[in-house]
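Asker: Please see the structure below; I have some questions.
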Amino acid sequence: MDSLHKPSRRAFVRAAGALAAAGASSRLWAAPAKDVVVLTAYPDAVVSRFEAAFEKAWPQYRLRIVWRMPHDALPTLRQAGQGGVDVYWSASPKTYAQLKDEHAFRKLPVSLEGLPGRVGGSVINDPDGFYAASEVAGYGFAVNPAYLHRHQLPPVADWSDLADPVYAGHLAVPDPVEVGFAPVLVDIPLQAYGWDIGWALWSAIAANAAFTGRGGTFVSDEIGGGRKGIGLSIDFFVASAVANGAPVEFIYPRQGGVNPAHIAVTAGSPNPEGAKAFVDFVLSDAGQKILAHPDIRKLPVRPSVYAGLPAGYHDPFATAARGGYLYDNARGRGRAAPVAAAFGQAFVRPHARLVELWARLHAADGATWNSVWPLLTAPPLKESEADDPAIQRAFFARRDDPAAEALAAGLEQTWASRVDARYAKAASLLGVA
Amino acid sequence: MRRLGFLLLMCGVLAGAGARASADWQVADAGREAFARPLDGLSDAERERFFRGRSLFNQSWVVAPAKDDQVDGLGPLYNRLACISCHARNGRGLPPEGADERMQSMLVRLSVAGRSLHGGPRPHPAYGDQFNEEGIPGVRGEGRIRLSWIESKHRLADGEVVSLRRPRLAFTELGYGAIGKVQTSPRVGQQVVGMGLLDAVSAQTLETLAAERKPDGVKGRVNRVWNPESAALEAGRFGYKANMPTLRAQLAGAFLGDLGITSDLHPIENCTAVQAACRQAPNGGTPELSARQLDDVEFYLAHLAVPVRRNADSDVVRRGEALFAASGCAQCHRPNLSTGTSPRFPRLAGQTIAPYTDLLIHDMGPGLADGRPDFAASGREWRTPPLWGIGLTQTISEQQRYLHDGRARSLSEAILWHGGEAKVARRRFAALPTQQRRALLAFLESL
């Protein structure tokens, strides 16, 4: 063994510096890999795995990541030269639709054979071929079985179960104003049960829940840590936690929704061949299988891949074929922001009041119930308002456009006043101060 | 062997006592979340702070200017986008397996002969003290490093042949001229659990450990390093050469060196005199990492619990534990340390911990030498790395790579690279019969 440590001593003491200097002057390598610049908001667990696998498959290219959240991606891709970006790869359908309208993309230079354009009622690929889904995420309920057992709570299977007052104080719900994935979550029961019943369900669910924001705590933390028993969430956070050993289960309701992530090649791509290679790789069997890694756990868009995934891996295509996923994401995409804002005004802002009113209502007699229930459950906005393109534009542009912000803020005030008046009347009927 | 047997009996008792220390700092989790758990008993406000810190540790930083103005300021020169990039699941980084793979969770420190103003390594005049492969748009990265491996075979006493490898570096696509003669030190990311506890071990404890007389030629010194916060030389304890005095200094140094994020401790961007575009690039604030953000990340890392040992009471592990001590490993990989006062994080104070380190620097021989001095540490000296959690490396990192440059592909390889002050212990390990060697490794796997 000492041969390792003795004979080469003199050489080895000098080794690092000498070898490094020698390496600098002797180029034995192939031509430098050409950059493929990818704009994304994926976390490192996703990026690093695709980076390693792509560069192994395509050693002539080197991935260069420009990290931007979707609201910051727009200005990057709108600037001259599109910031040198070749590929935009992110989960923000609204941003893709916007950029397509602005001619920011070129037609996808790859075959989409074997990649369905929709999951149930949700279109996931651009019908004009400018962008395609690279993965989808579903929504549902994270459940801690030990917590439910400890609190003698029945299991949940669908949205309506969550409205049962037996779950009061046991639910965690992401605040849709704060948490990026949550607006779609809010819209799912509004579509599945209809506008009025959907909002009524949400009122009762919100009264049972505590809201989580964007402070860094995930629903999976709350449920896995046993602080709450049931958490509403996009699936991959929880599925990843489950795959890594968290004592949690994930329940997909009978009617869920999907949120696709997309991939597109920029109109001004400096390296279109490299961009094509990366898009090809992401959509290939090899790329799609990476999505099943325990640290990622997103849903592949290539149905043929599911056969090789771990047992029990959720297959949205199979679920859709059985009648699930009727959710219309094109409709939801437009109204997500106003719906989230209205949700905030109706349930998050006056949450303590809402909890108190529902608690009193559950103890009230039938006549009082009939008078008060509509006051707590009426939608804070009309469905026609949520579907109004002018209102949708205002909420989408409010960060950047003062006029849009003024319109959005005014509408929020209107909805807040509407809700406050109903809650005040309910309080009066219930004898609450 | 008679002497070894005696030591085995004596040291086994001592080592065994250390392994079953207080559980306040431990968490019972042997899964892939094992390095991500907070200490028990955090208040709601502390939990919020812990998770805020986690978000920042996991955050991919963005190029300034950006609407996300709390997390902008990446670079201008940098290695990776996020802290977590080099410490996936809070575990160890991995080196490239060949010259065509990039350094995803590894970096290379640079210096030239001489010392910096405060006695540390003297940065390369063009490339600084760390090679940053990446640059933000408009700022050329420093180049590429290709790492290849040189393999050699070695036969153990029982006839088993072990292949060991050491890295060879080559710079390519250099962005700022020829690099010339330069000292290099490749480093993979380290696991980050238990750092708050190590931060709370007093400097006096380290001095006392260093002053102890030890057998087998083992010495151990305290590195004396610059603390940018106190503007003084202090005992080093973090980093592969114990070249950082505190968790906060370690963090702020990594934010600057790896991500190009400035802080109150390092307010100047990491650009050298010849890197004009770097010096003119927009920043993400002055500093880019606010004091509160640094507080939050520090709180997060300080309060990451250490996983409880597995199978600690099994016969084979107990035999291995005794062999670990009897072979002399525990002279440096100390089973027990005590934390001192911890004014900022009181729950870390007064704990008896089992990190299996003395936090001292030791001559590890020419095989591991990088030839790059770092404050008091010579090119042959390295800090004793903590071994707690090492048995979960495969689970957390999905591969086993050990030592500062990830050259060792198994714990056996890592031990066989020990030289210098650890030469006697390594020889004892190499001479052990197969079953005893396996028992010692089973003990390490239990940590």
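Asker: Order these by the 10 Å Cβ neighbour count, fewest first: A:D285, B:D374.
Answerer: A:D285, B:D374
Asker: How far is the Cα center of the stretch A:351-366 from the Cα center of the stretch B:122-188, in Å?
Answerer: Using only Cα atoms to place each centre, the spacing works out to 66 Å.
Asker: On to the next question. How big is the protein assembly as shown along each principal axis, measuring the range of its Cα positions in Å and listing the largest first?
Answerer: 90, 58, 54
Asker: Using a 10 angstrom cutoff on alpha carbons, build the Gaussian network for chain B and name the most mobile of B:A273, B:A430, B:A322.
Answerer: Result: B:A273 has the largest fluctuation of those listed.
Asker: Longest span of chain A, sites excluded, free of GluC sites (Glu not before Pro) in DSSP loop with at most 16 other C-beta atoms within 10 Å?
Answerer: Formally, the longest exposed-site-free interval is A:179-433.
Asker: Counting only helical runs of four or more DSSP H residues, what would the 222 nm mean residue ellipticity of chain B come to if each run contributes -39,500 (n - 2.57) and the total is spread over all its residues?
Answerer: Theoretical 222 nm ellipticity from helices: -7500 deg cm²/dmol.
Asker: Among DSSP beta bridges whose residues both lie in the protein assembly as shown, state the antiparallel percentage, nearest 5.
Answerer: Once the DSSP bridges in the protein assembly as shown are tallied, antiparallel ones form about 75 percent.
Asker: Here is a further query. Just going by the charge dipole of the stretch B:295-428, with Lys and Arg at +1 and Asp and Glu at -1 on Cβ, which of B:A322, B:I390, B:T341 is farthest out on the positive end?
Answerer: B:A322
Asker: Which whole-number percentage describes the relative contact order of the stretch B:2-445, with Cα contacts under 8 Å and a sequence gap of 6 or more?
Answerer: It comes to 23 percent, rounded to a whole number.
Asker: Just add up the charged neighbours of A:R322: K/R +1, D/E -1, any other residue whose Cβ is under 13 Å from the Cβ of A:R322.
Answerer: My count for the surroundings of A:R322 gives 0.
Asker: While we're on this one: So which of A:K228/A:K425; B:K214/B:K241; A:K382/A:K425; A:K298/A:K382 end up more than 25 Å apart by C-alpha?
Answerer: A:K228/A:K425; A:K298/A:K382
Asker: Return an integer: the convex hull volume of the alpha-carbon atoms of chain A, in Å³ per residue.
Answerer: Expressed per residue, the convex hull around the Cα atoms of chain A is 200 Å³.
Asker: About its Cα centre, how strong a charge dipole does the protein assembly as shown have in debye, to the nearest 20, once Lys and Arg get +1 and Asp and Glu get -1 at the Cβ?
Answerer: It works out to roughly 3420 debye.
Asker: So if I take the centroid of the Cα atoms in the stretch B:407-447 and the same for the stretch A:60-124, what is the distance between those two points in Å?
Answerer: Computed from Cα coordinates, the inter-centre distance equals 51 Å.
Asker: When the expected Rg is taken as 2.2 N^0.38 Å, what fraction or multiple of it is the alpha-carbon Rg of chain B?
Answerer: 0.96
Asker: Another one. Counting only other chains, and only Cβ atoms inside 10 Å, what mean value do you get across the residues of B:105-114?
Answerer: Mean partner shielding for this stretch: 1.
Asker: To continue, here is another question. Would you calculate, for chain A, the mean residue ellipticity at 222 nm contributed by helices, counting each DSSP H stretch of 4 or more residues as -39,500 (n - 2.57) and dividing by all residues, to the nearest 500?
Answerer: Helix-only estimate at 222 nm: -13500 deg cm²/dmol.
Asker: Quick check: net charge around A:E273, other residues with Cβ under 10 Å of its Cβ, Lys/Arg +1 and Asp/Glu -1?
Answerer: Around A:E273, the surrounding residues sum to +1.
Asker: Would you mind giving the average projected area, over all directions, of the Cα convex hull of the stretch B:364-418 in nm² with one decimal?
Answerer: For the stretch B:364-418, averaging the hull's shadow over all directions gives 4.0 nm².
Asker: May I pose another question? Need one value for B:57-68: mean number of C-beta atoms belonging to other chains within 10 Å of its residues' C-beta atoms.
Answerer: 5
Asker: Determine the shape class of the stretch B:313-447: with a ≥ b ≥ c the square roots of the Cα gyration tensor eigenvalues, call it rounded for a/c under 1.5, and otherwise prolate if a/b is greater than b/c, oblate otherwise.
Answerer: oblate
Asker: Which whole-number percent is the relative contact order of chain A (Cα, under 8 Å, 6+ apart)?
Answerer: That works out to 20 percent.
Asker: Grab the other residues whose beta carbon is less than 9 angstrom from that of B:V112, score K and R as +1, D and E as -1, and report the net.
Answerer: With Lys, Arg at +1 and Asp, Glu at -1, the net is +2.
Asker: Note down the relative contact order for the stretch B:308-447 as a percent, whole number, built from C-alpha pairs under 8 angstrom at least six residues apart.
Answerer: That works out to 33 percent.
Asker: Averaged across orientations, what area in nm² does the convex hull of the alpha carbons in the stretch B:384-447 project?
Answerer: 4.3 nm²
None of the figures in this text is laboratory data; all of them are computed from the coordinates on show. Being a predicted model, the structure only gives us computed values, none of them experimental. Note that we place each Cβ from the backbone using ideal geometry, even for glycine, and neighbour counts take in every protein chain shown.
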